[in-house]
Amino acid sequence: MKRGFYTILAAQFFSALADNALLFAAIALLKLMSAPDWHTPILQQSFIISFIILAPFVGAFADSLPKGRVMFISNAIKMTGCAAMLMGVNPLLAYALAGFGAAAYSPAKYGILTEYLPPEKLVLANSWMEGLTVLAIILGAVVGGVLLSPNVSGAILQHVSVPFIHNPPDLAIGIVLLLYSVAATFNLYIPRLPIDHKPLSRDPVFLVKEFAHCFKLLWKDPLGQVSLAVTTLFWGAGATLRLLVLTWAAIALNYDMSSAAKLTAWVAVGIAIGSILAARFVKLEHAVKVLPVGIGMGLLVLAMPLVTSPLLATLLLIGIGAMGGFFVVPMNALLQHRGHLLMGAGSSIAVQNFNENISIFLMLGLYALLGKLGFSIYTITIVFGLLMAGIMTLLYKKHGHDQDSGKI
């Protein structure tokens, strides 16, 4: 791999670490305010709504500037969201501002891979990117859990006096702000590449029409269609599962917020394992072969209500994560490659984000609705497990006969 690739990885690592720690800090802040439990999925919705609304524009933005610069600007916006949360802005609104930065960041962080590396390196590069992102998720959950622990945060707050930092969630948000600043520093050293697929116009109406064209183009492409459908489903289910685990751990294992946050890290450990295996055994041209693994992941989720042992819970979450990492990494690489060929890296990732975040928004909405209606966490978990296994089965029936992705 080229040296600049590792600079990209470092920037992504610290940005992802901050993203994941911020989620737990924001949830803790809501609990400190005695907000109802169903506000937690609404909080996540406030973050991802920008991915949906800004989808026609962020791809063009990512393709119009050097992507390292786009990533720097995006991290600066995330830092503003953190500062707003510290200054007392409602967490739902402040977290939405951080989501605005994340929406602009995503097309650049993945798009730069297709511009910087040849196609045969994409699965390996995605494995590195996903693996390091997963490590950031693990550490983000651990850092968030540690900082939210009364013992740790109490000791720090007794000896450190910083404006706007008065409680454990504030302390965690302050640390997150520092992590974003580190990521932004690495952004400045990302190699500047020639601008590829520069947008023909910056007119909003044109961009919406162009986005609609790219949306149709990617969904009509056979390989783009299956990879887009799979990644859309995976990230919708994955985002919801992370919040489900927090509530499930509190009820099934009697965990507090700090311990439950750390437990979610085991899903990320599994994803890292699955990503490594995918890089080793799955070639880009055979990506469709991993579809049955997605069915198995949905079925494995159904075992969660039966588990009451911390050890079994850990092993189960690692298994769920490993299956997810194994099937999503090849699909992600296939989708990036097809999108880059058809329309440009930034625009294709924006289409991907649009679909994935509509999925996340709808699934989180379903979670919030079921919670508000009084359904137990066990029932909600079964609903999501069956939903994922069922949709993956339908996709396998439609595309499973294409056991070889053919010419890509």
For this session: Spot the failing condition for Gln352; the list is (1) at pLDDT 90 or above; (2) more than 21 Å from Asp256 (Cα to Cα); (3) under 21 Å from the mean Cα position of the chain (by Cα), and only one is missed.
Result: (1)
For this session: Give, as residue ranges, the helices (runs of 4 or more DSSP H) completely inside the range 110-194 that count at least 1 residues that are buried (at least 23 other Cβ atoms within 10 Å of the Cβ) and under 18 Å from the mean Cα position of the chain (by Cα).
Result: 122-148, 168-187
Exercise. Looking only at residues in the range 365-388 that are crowded, with 19+ Cβ neighbours inside 10 Å, under 22 Å from the mean Cα position of the chain (by Cα) and small (Gly, Ala, Ser), which one is modelled with the lowest pLDDT?
Worked result: Ala368
Exercise. Just one of Leu9, Leu32, Leu54, Leu17 is out of contact with any Asp or Glu (no Cβ under 7 Å at 6 or more places or on another chain), surrounded by fewer than 22 Cβ atoms within 10 Å (Cβ to Cβ) and either within 25 Å of Val123 (Cα to Cα) or of a type outside the set (A, V, I, L, M, F, W, C) (or both); which is it?
Worked result: Leu9
Exercise. Does Tyr105 count as under 28 Å from Gly339 (Cβ atoms) and touching a residue at least 60 places away in the same chain (Cβ under 8 Å)?
Worked result: yes
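Okay, residues lined up against (1) under 17 Å from the mean Cα position of the chain (by Cα); (2) surrounded by fewer than 22 Cβ atoms within 10 Å (Cβ to Cβ); (3) in a helix (DSSP H, G or I); (4) not aromatic (Phe, Trp, Tyr):
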| site | (1), (2), (3), (4) |
| --- | --- |
| Ile42 | yes, yes, yes, yes |
| Gln45 | yes, no, yes, yes |
| Asp63 | no, no, yes, yes |
| Ile77 | no, yes, yes, yes |
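The values are calculated or read from the model by the stated rules, or taken from the named source; none is laboratory data. Please read all numbers here as calculations on a predicted model, not as lab measurements. Reconstructed Cβ throughout: ideal geometry from the backbone, glycine too, with neighbour counts over all protein chains shown.
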